[in-house]
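One structure is given here, and the rest of the page talks about it.
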Amino acid sequence: MNVIPTQDIARHCLHAFTQLVPVSRAAFYCVDRHLQAHDFSLHGMSGEMHRDYLDHYRQFDPLQPRHCVSSDLAVIPLGLAMARQPQRDNQRYRDFLGRYGVMDVVEVFAHRNGQPQVAISLLRTAEQGAFTSQQLNQLSALQTLLQMAVAHWPADEDALSRLTPKERQIALLLRQGVSNKQLARELGVGLPTIKTHLIHLFRKVGVSSRTELVGALFL
């Protein structure tokens with residue numbers, strides 16, 4: 001079986017979904033064996049909003065893969081997901097959405113061997129209104145496209161294989177608990193460069209801290 005580059009799959013899936021159902025923002029992402037989202041491809045979403053989500057609000061997101069894995073649904077509306085978590089967490093997530101003018105969210109998952117493999121998050125503004133029943137049905141029909149994409153997904157589940165040689169070196173050093181100063185000495189660069197490398201690495205893996213990075217890559 002030929003393996004299609006993941007960036008191409010993400011781009012085509014985002015185009016198909018956003019052409020069928022109007023949205024303001026969307027994100028395609030992969031799901032690892034620990035049910036963590038990573039390798040985000042963004043559509044209409046600013047880097048600032050995505051960083052804010054990863055750094056401060058992801059833990060309150062009821063549509064995270066770990067919350068949705070037990071559902072029999074492949075298309076999960078925000079309201080249904082919110083019914084399954086504490087109200088205080090829902091309010092924090094609503095605060096985040098409201099800050100960026102988002103009214104409604106739907107998550108569309110594709111599975112392999114009973115586990116979510118990839119997903120698309122679709123966001124609508126107040127002007128666009130909440131997703132209608134007809135639109136949810138359309139997304140359910142289009143979910144088969146996402147499911148077909150899984151058939152072409154790389155079979156290698158080694159998270160390190162997605163990283164560049166430099167990123168792997170940094171990740172292995174972080175597993176040893178080295179400081180930023182030690183990283184700078186090891187790589188022969190300055191501290192600002194190390195901070196830039198870490199920001200890029202966290203975003204690529206879809207985490208917001210060293211602990212989360214080590215957990216996603218090695219645990």
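Read-outs: derived from the displayed coordinates by stated rules, not from any lab. Since the structure is predicted, the reported quantities are computational estimates derived from the model, not experimental observations. Please note: Cβ atoms are built from the backbone with ideal geometry, for glycine as well, and neighbour counts cover all protein chains shown.
Pairwise Cα distances in the chain exceed 29 Å in 28 percent of cases. If you take all other residues with their beta carbon under 12 Å from the beta carbon of residue 71, and give Lys and Arg +1 and Asp and Glu -1, the sum is 0.
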